[in-house]
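See below for the structure under consideration.
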Amino acid sequence: MKEIIKTYQNTIKHKIRQLTGTSNEDLEQEVYIKTWKNLGRYKEEGKFKQWINTITYNTCKDFLKSSSHKNQTLSDGEDKLVYIKDSKNSPDKKILQKERQKIIADAIEKLKPKLKEVIILSDIKDMNYEEISKKLNVPQGTVKSRLFNARQQLSEVLKDLL
């Protein structure tokens, strides 16, 4: 288990920050515990990194749905507690988020096929340069160049969203 933690710690921390917007050591520990408990269920059909990413994703999803996350506790200085409902999941925000996702998907769809392929493998399927290089049978430098160009084009098209 120590080797798993050592190998995947940065990946797990990054994924938690990406999904929750903050570092959370409790979530990280929960991922390690779930990994340890379910190690016997891991089937070597897929990559271990993807399996751990799935555990991390599900753990974060459960956390974001939990009432402890939705209600933030504040103190007004007189030891009285005030509860503020988290509005992250309001219908208006969900609609705006879906619209943003559609705009981003459309922008990716308009990229040249080689750029589109690299951006999807890197940013959506979470593959690293080496994995993409092997999958596409091109040098890592080509992957980096295509990824840079794809992100440049997307940032120009999506500058209004930023």
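What follows draws every value from the coordinates through simple rules; no lab data is involved. Please read these numbers as outputs of a predicted model, since none were measured by experiment. Cβ coordinates were reconstructed from backbone atoms using ideal geometry, including for glycine residues, and neighbour counts include every protein chain displayed.
For the reader, a short list of remarks on this structure follows.
- By the count of neighbouring beta-carbon atoms within 10 Å, fewest first, S133, S23 end up ordered S23, S133.
- Other residues lying with their Cβ under 10 Å from the Cβ of R146 contribute a combined charge of +4, Lys and Arg counting +1, Asp and Glu -1.
- When the alpha carbon gyration tensor of the range 2-69 is reduced to an equivalent ellipsoid, its three semi-axes come out at 20, 13, 11 angstrom, largest first.
- Globularity index of the range 91-157, i.e. its alpha-carbon radius of gyration over 2.2 N^0.38 Å: 1.24
- Of the residues L64, L39, the one with the fewest other Cβ atoms within 10 Å heads the list, and the complete ranking is L39, L64.
- Inter-probe distance in nm under a simple model that places probes 7 Å from Cα toward Cβ, at Y57 and K125: 1.3 nm
- Exposure proxy order (Cβ contacts within 10 Å, fewest to most) of D26, D126: D26, D126
- Checking the cross-link pairs K61/K135; K65/K93; K13/K112; K34/K65; K93/K159; K15/K125 against a 22 Å limit on the alpha carbon distance flags K61/K135; K13/K112 as lying beyond it.
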